[in-house]
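Just so you know, all these numbers are worked out from the coordinates, no wet-lab data involved. Please read all numbers here as calculations on a predicted model, not as lab measurements. Counting neighbours? That spans all protein chains shown, and the Cβs are built from the backbone with ideal geometry, glycine included.
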Amino acid sequence: MLTANILWGLMAPISKVVLNAGIITSFALTDFRIFGAAIAFWIASIFVPKEKVAPNDMMHLFFAALLAIVFNQGSYIVGVGLTSPIDASVITTSTPILTMIISALYLKEPVTGKKVIGILLGAAGALLLIMSGQQQGVGSGNVWGDLLCLSAQLSFSMYIVFYKGLISRYSPITIMKWMFTYASICMVPFSYSIMSHVQWTDMNWNVVSGIAYVVLCGTFITYLLVPIGQRTLRPTVAVMYNYVQPIVASTAALLWGIGEFTFLKVIAVVLVFVGVFVVTQSKSRQQLEAEKMQQES
């Protein structure tokens with residue numbers, strides 16, 4: 001999950017470079033991500049043992065694709081277009097909080113003091129980092145855009161919690177091959193007009209290499225790693241690593257000369273990693289139940 005979020009963090013400034021070229025839109029970049037990853041997973045599936053997916057699980061994979069890919073990426077892209085960058089960035093910090101609530105309701109995971117403190121510390125660090133990197137007057141928020149960004153985080157939180165069992169039954173390549181296939185099918189009706197407006201002949205090396213990173217590193221590799229994190233980590237712990245993304249994005253901006261290093265950013269980084277550490281130290285439902293049985297015996 002740490003590696004996946006590092007790659008996602010790098011994708012933010014790289015995507016910005018691609019979009020600033022004015023050759024493709026954010027919707028077109030989303031199409032590249034989904035269709036490109038689907039092709040990559042089908043190619044990868046040639047080199048691994050074949051797995052037969054039960055018909056019932058194929059249906060579950062369709063709904064998992066809606067939550068993790070279509071609704072998550074689609075809602076966020078539209079939401080970012082309607083609201084301000086700072087609003088969108090702040091709303092992404094809600095994912096661990098939403099996941100904790102859904103896990104408590106659906107999986108009966110305990111809401112421990114350590115978990116709450118860790119999430120609040122991580123959120124405080126991420127928010128401090130985001131706020132310190134924003135310039136005044138970059139635009140105002142929009143309530144519909146904010147709600148769409150929030151729905152994107154909610155859909156991913158639901159995916160992480162609801163499909164933990166399904167993810168454990170098959171290999172990551174099999175799971176993502178079908179999820180991205182379903183997502184591609186859902187995107188087809190909206191993609192023709194979008195892709196027809198792409199200025200293909202104007203693409204330069206920076207744009208092509210940026211798109212390649214988004215497809216291969218920011219989508220294919222990350223979605224290959226996420227199921228491994230899902231099956232080995234509790235949902236709240238898995239999404240805590242989301243707070244690493246603004247750290248990576250800020251560091252990349254600093255190294256590329258488009259950001260600056262401040263003392264507030266140092267504090268923010270410390271808060272994020274302390275928060276992640278505290279949440280990983282919180283006890284799961286199984287641990288608490290085992291301790292209770294031991295005390296009773």
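Sort 116-124, 182-190 by the packing proxy (mean of other Cβ within 10 Å over each peptide's residues), most packed first.
116-124, 182-190
Which FRET efficiency value, to the nearest 0.05, is calculated for PHE273 and ILE228 with the Förster distance at 25 angstrom and r the Cβ-Cβ distance?
The pair PHE273/ILE228 has a calculated efficiency of 0.75.
How charged is the neighbourhood of GLY165? Take every other residue with its Cβ under 12 Å from the Cβ of GLY165, and add Lys/Arg as +1 and Asp/Glu as -1.
Its environment carries a net charge of +2.
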